[in-house]
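The values are calculated or read from the model by the stated rules, or taken from the named source; none is laboratory data. Since this is a predicted model, take the numbers as computed values, not measurements. As a convention, Cβ positions derive from the backbone with ideal geometry for all residues, glycine included, and neighbour counts pool all protein chains shown.
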Amino acid sequence: MSCQTKTACFFFWPEREHLRESVPLTFRIYFGKEVTVIIDCFEIFLERPSNLSARASTWSSYKHNNTVKYLIGITPQGVISYISEGWGGGLRVSDKYLVEHSDFLGKLDSGDIILADRGFNSDDSVGLFGCEIKYPVFTTGKNQLSGEEVEVTRRIANVGIHVERVIGSLRQKYSLLHSTIPIDYVITNSTVQVTTLDKIVLACCSLTNMCPSVVPFD
């Protein structure tokens, strides 16, 4: 039995009633009990593909390297509840693109609130599911934010940092996630539908969920 199979029970999308029974106080004060998930993306370095098309589709201008990109989601309690399959880190695969083209939206229930960073301007796609996405307010087109906008941005930043801490913990525990991955780890074919890297990332997320959360439960 593989590590992925053995740890599968530690990785799941929680039932709403169970999630809302234990929402940390900070989230309750700021957003009520409706926050279901905090999302972000992270990238893993990949060996330079020999194929020009693959090289272009995995080139991350942000990381200045070829990468595989993942969408990750955590509960307000700091448990990893979602990880996408890996996507090439090229320009086409923005944070918004990952939200809309992974299976993330299918996990949502009407009334859910998602917290995210500025790159996730997915209001329309999330709204189709009766949900709301909150992210820090832009100053684009205005000289300064209103007092209310500043407060909303501060609140989201205060709790949104938790997903960054979880990603940091994940990388710290499993050095493979901040190494350069062999190209063989991301190859699929007619008999291999899930890449080796996807299996590794899922197993690492499951094992991380077995450890004490880095998010304070206040």
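Can you give me the number of residues within region 87-108 that are closer than 17 Å to SER57 by Cα, under 14 Å from the mean Cα position of the chain (by Cα) and not in a loop (DSSP other than H, G, I, E, B)? Residues that pass the stated criteria total 6. Residue-level check: of (1) farther than 27 Å from CYS204 by Cβ; (2) surrounded by fewer than 19 Cβ atoms within 10 Å (Cβ to Cβ); (3) within 17 Å of the chain's Cα centre (by Cα); (4) of a type outside the set (Phe, Trp, Tyr), ASP124 misses just (3).
So which of ILE83, ILE114, ILE133 ends up being surrounded by 16 or more Cβ atoms within 10 Å (Cβ to Cβ) and free of Cβ contacts under 8 Å to residues at least 24 places away in the same chain?
One residue alone meets the criteria, ILE133.
Here the condition is being outside any loop (DSSP other than H, G, I, E, B), among the aromatic types (Phe, Trp, Tyr) and at pLDDT below 95; of TYR70, TYR30, it holds for TYR30 alone. For the condition small (Gly, Ala, Ser), under 13 Å from the mean Cα position of the chain (by Cα) and not in a strand (DSSP E or B), GLY78 qualifies. Among the residues examined, PRO14 qualifies as modelled with pLDDT under 95, surrounded by fewer than 17 Cβ atoms within 10 Å (Cβ to Cβ) and within 20 Å of THR208 (Cα to Cα).
Residues are listed down the side, and each one gets a yes or a no for (1) of a type in the set (A, V, I, L, M, F, W, C); (2) buried (at least 18 other Cβ atoms within 10 Å of the Cβ); (3) in a loop (DSSP other than H, G, I, E, B):
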site: GLY119; (1), (2), (3): no, no, yes
site: ILE156; (1), (2), (3): yes, yes, no
site: GLU164; (1), (2), (3): no, no, no
site: GLN172; (1), (2), (3): no, no, no
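Annotation: ILE38 fulfils all but one of (1) surrounded by fewer than 19 Cβ atoms within 10 Å (Cβ to Cβ); (2) in a strand (DSSP E or B); (3) not basic (Lys, Arg); the unmet one is (1). Counting residues in region 193-204 that are out of contact with any Asp or Glu (no Cβ under 7 Å at 6 or more places or on another chain), loosely packed, with under 12 Cβ neighbours inside 10 Å, outside any helix (DSSP H, G or I) and not small (Gly, Ala, Ser) gives one or more.
For GLN144, state whether it is in a loop (DSSP other than H, G, I, E, B), surrounded by fewer than 18 Cβ atoms within 10 Å (Cβ to Cβ) and not hydroxyl-bearing (Ser, Thr, Tyr). First the steps, then the outcome.
Values: in a loop (DSSP other than H, G, I, E, B): yes; surrounded by fewer than 18 Cβ atoms within 10 Å (Cβ to Cβ): yes; not hydroxyl-bearing (Ser, Thr, Tyr): yes.
Answer is yes for this residue.
Select from region 180-192 the residues that are in a loop (DSSP other than H, G, I, E, B) and at pLDDT 95 or above and write down the one among them that is surrounded by the most Cβ atoms within 10 Å (Cβ to Cβ). Step by step, filter region 180-192, then rank; the result is THR180. Within region 55-69, being surrounded by 17 or more Cβ atoms within 10 Å (Cβ to Cβ) and aromatic (Phe, Trp, Tyr) holds for one residue alone: TRP59.
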